[in-house]
Each structure stands twice: as C-alpha cells, then as structure tokens.
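To start, the structure under review is shown below, and the notes come after it.
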Amino acid sequence: MADPLQLAILPGDGIGLEITQPSVDLVQKALMACGEPEAYMVWLEAGANAYVKLGEALPQATIDGCRAADAILLAAMGDPDIRYPDGTEIIAQIDLRFELDLYAGVRPARSVAGVAGPLADPRANALDFVVIRESTEGLFASLGKGMREEGEARDTQVITRKGTQRVCDFAFRLAQQRKAQGKRGQVMSVDKANVFVSMAFWRDVFDDVASRHPDIEKRHGYVDAIAMEMVRRPWEFDVMVTENMYGDILSDLAAGLIGGLGMAPSADIGDDHAVFQPCHGSAPDIAGTGKANPTAMFLSAAMMLEWLAQEKGVEAYAQAGKLMTDAIDDAFRDGTLVSTERGGDAGVEAITQAVNAALDRRIG
Ligand code: ATP
C-alpha cells in the first residue's frame, strides 16, 4: 500500500461546482477498492468566483497548493458575466497551464460503449485516437499581448524549437505506449506548413523528433484537410500532435465525434505537474440546473489515476483508473442512460448514481 495521494481539487465555476464532489467520491471509492488509502483532497479556489471573492482569479495560495500536490483535478472555470476591467473573460485554467508549464494538452477521443457519435458508419462508434495540443505557445502566446490600433489588430503566433520538440517527443512516447497495447503506433503532425513560416518550422522540428522514433509511423496533414478527414474517417487516426490553436479547435471536433463535450476528458501535462479536467467549460447556460453530464470529469479523474500510476510506479492506481473507466462504460453500455446534451434526461445525479452502481457491481 502506497502513502495517501495528495490531490489538489479546483471546482471553479458553473457546472464545475456540481460535478466535482461526485468525481472525488468515485476516486476515493476506486482507490479503496484497489487496496489503496483514501487520497488527501486539498480544495482550492480559482476562477471567476475566486475573482469576485478574493480579487484574484488564480491566487498564489492556489498555485502553491497545486505545486505541492501529486496531481491536480480541475472542473471548469469562467463566467461570461464576470470579467476583468478590460472586458476579457477569466481563464484561470489557462493561466495555470502557463504557470506550471503544462505543455502537452492530451485530448483522448475514445468512444464510450453505448454512446453513439453523430456518424452513421459503425466504425465511428469505436474510436480511439488522441489529439495532443501544444499548450504553452502558438497563437495563445499572444494572450494579454495582442495589439489593437485604429483599423488594425494583431496577435502573434510563437513556435519555438524547445516547445515543439518536447510536445512532439511526448506524442511519440504516447504512441509507443499505445503500440505496446496493440494500437497503431502512428503520430501525425497537423499543421499548415504549406502556408506559414512558423508551421514549416514546426514540421521540420517534428520530422527531427520523428527520426529519433523509427519504431513509430510518421504522418503529416494540413489542418484544414485533417478537419475534413476527422469527419470522414476518424477511425484511421492514432496520435495527432498540433499547435495550440489548431489543437483547441480539433479537440472540440474530436469531442463531437464521441458524443459531445460532456464525454470528453483531457489532461494538461508538463515535466513536473499535471492538471486533469474535462474538455468542456463552465456551461453557464445550464449551471445550477442539474443537467450537466459529469462523465468527462469522471474520465479525466480516471486519466489522472493512470498518470499517477506511471509517475509513482504504483500499479494499483492504474487499476483504480481502469475500474472507473470500466464502470462508466458499464453504465452507458445498454444505451438507456442518455445525457441531456444528447437529448436524454440524465444529468449529474442520474449519471453519478448509474456509474456508482456499476462501480459497486465491479467491486462486488
Ligand atoms: P470554454 O471556452 O470555457 O471551453 P465554452 O463557452 O466553449 O467554454 P462550454 O462551457 O463548454 O463552452 O459549453 C458549450 C455548450 O456545451 C453549452 O451549451 C453547454 O451547456 C454544453 N455543455 C458543456 N459541458 C457540458 C456538460 N458537461 N454537460 C452538458 N452540457 C454541456
């Protein structure tokens, strides 16, 4: 039995406040079922609510708490009605990515059994690919530095060798791990190397990294063509790696293919820290109604346990993560549990109950 994990919990805003506790409860139950002690949960404030209450969206105490934790579980942040004096929205989750240098945005698109995507081809209901989004530079490097003048505005894209190398390396290592599990073993650079100097540079760095991973198949694609292929033949992808903005867009497209944002988990991983959070935002339009689908948050928590297993070399964490993922699949498998975003009536409570019941059945 390992020492108890210390997890930073950031519920944030909107539906984040509704989906966090059920996720924490599931993590504790899964850990204990695998013979591990309950984790020590450190609840921290950040986001729009924190800004109103404390005058800061990402207080230093929260950053310190995140740095001290073994992993960080974040729900959702932001509220269009609460803004900085310059009118911009609060995006503390992105500030945290820069603060902790979380350069690899991992956005898996894995179909959950019983949750059909929008495509007719049955192969589109058994998807398993990952979009890796570079998360510290690209067009987002311009955050807070954009220039606006009379009749003109500019944001600048920044692509560095260091930033590209490390995220491409991450993608190839992930493809290796996946290949060992029987998956394709392929990485595709998604770029626009035919048009932008910054993207041609990205592709050169990608090729350089690829040459050090000869066991993994290398592919290139232009972002516009790949957006179309993701809709036409999404089952052909394995690992895709791309710059920040393209990744932002393509990961939402990927979420759409597996049943919507409520089903799409994600992780932002750096060399020293990692944040796990659903792909969706705070969904202010449904906050407080109980309609939110907590599955993406549950799956993100499961990813967290799997990452912790690798980091700490504790196999029981991977078992706990798999137990959660399997329970989610069990809950949806017969197709009767349909979330509100997909036209059903299951919200936080019904989905939480169904996943807990499935987990209890697996624990026996
Ligand atoms: P952000 O920019 O912070 O990612 P956003 O404005 O793009 O946020 P979301 O907050 O993710 O958007 O919401 C987009 C739409 O998806 C909204 O209509 C919202 O209600 C819906 N949605 C998002 N997450 C969920 C969820 N977990 N369950 C149900 N519906 C959701």
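The values are calculated or read from the model by the stated rules, or taken from the named source; none is laboratory data. Keep in mind the model is a prediction, meaning the values are calculated, not measured. Because the Cβ atoms are built from the backbone with ideal geometry, glycine has one as well, and the counts that use them run over all protein chains shown. Only protein heavy atoms, including side chains, enter the accessible area calculation; ligands, DNA and RNA are left aside. Shrake-Rupley method; radii C 1.70, N 1.55, O 1.52, S 1.80 Å.
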Which listed residue, of 251, 198, is away from the ligand (no atom under 13 Å from the Cβ), in the same structural domain as residue 156 (by TED's automatic domain parsing) and of a type in the set (Gly, Ala, Ser): 198
What is the residue count in the range 133-153 for residues that are more than 14 Å from residue 97 (Cα to Cα) and either of a type in the set (Ser, Thr, Tyr) or open to solvent by less than 30 Å² (accessible area, probe 1.4 Å) (or both)? 1
Residue 102 passes all but one of (1) open to solvent by less than 10 Å² (accessible area, probe 1.4 Å); (2) touching a Phe, Trp or Tyr at 6+ places or on another chain (Cβ under 9 Å); which number fails? (2)
I'm trying to understand the selection: among the residues of the range 244-265, which are modelled with pLDDT of 95 or more and assigned to a loop (DSSP other than H, G, I, E, B)? 258, 264, 265
Here's a check for you: in the range 184-208, which residue that is surrounded by fewer than 16 Cβ atoms within 10 Å (Cβ to Cβ) and in contact (Cβ under 8 Å) with a residue 24 or more places away in the chain is nearest to residue 240 (Cα to Cα)? 208
Can you tell me which residue within the range 219-239, out of those that are in contact with a strand residue (DSSP E or B) (Cβ under 6 Å, 6 or more places away or on another chain) and open to solvent by 50 Å² or more (accessible area, probe 1.4 Å), is nearest to residue 174 (Cα to Cα)? 219
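To keep it simple, each residue is scored yes or no on (1) open to solvent by 40 Å² or more (accessible area, probe 1.4 Å); (2) touching a strand residue (DSSP E or B) at 6+ places or on another chain (Cβ under 7 Å); (3) more than 16 Å from the ligand (Cβ to nearest atom); (4) without any contact (Cβ under 8 Å) to a residue 24 or more places away in the chain.
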residue: 291; (1), (2), (3), (4): yes, no, no, no
residue: 296; (1), (2), (3), (4): no, no, no, no
residue: 300; (1), (2), (3), (4): no, yes, no, no
residue: 305; (1), (2), (3), (4): no, no, yes, no
residue: 309; (1), (2), (3), (4): no, no, yes, yes
residue: 314; (1), (2), (3), (4): no, no, yes, no
residue: 318; (1), (2), (3), (4): no, no, yes, yes
residue: 326; (1), (2), (3), (4): no, no, yes, no
Given the conditions (1) part of a helix (DSSP H, G or I); (2) under 16 Å from the mean Cα position of the chain (by Cα); (3) assigned by TED's automatic domain parsing to the domain that holds residue 100, which single one is not true for residue 318? (2)
Among residues of the range 107-118, those that are within 14 Å of the chain's Cα centre (by Cα) and open to solvent by 10 Å² or more (accessible area, probe 1.4 Å), counted: 3
Scanning the range 51-97 for residues that are open to solvent by 50 Å² or more (accessible area, probe 1.4 Å), in a helix (DSSP H, G or I) and within 16 Å of the ligand (Cβ to nearest atom), the one nearest to residue 305 (Cα to Cα) turns out to be 95
Of the residues in the range 240-281, those that are among the hydroxyl-bearing types (Ser, Thr, Tyr) and open to solvent by 10 Å² or more (accessible area, probe 1.4 Å) number 1
Output for the range 197-247, where each listed residue is of a type in the set (Gly, Ala, Ser) and more than 24 Å from residue 182 (Cα to Cα): 198, 200, 225, 227, 247
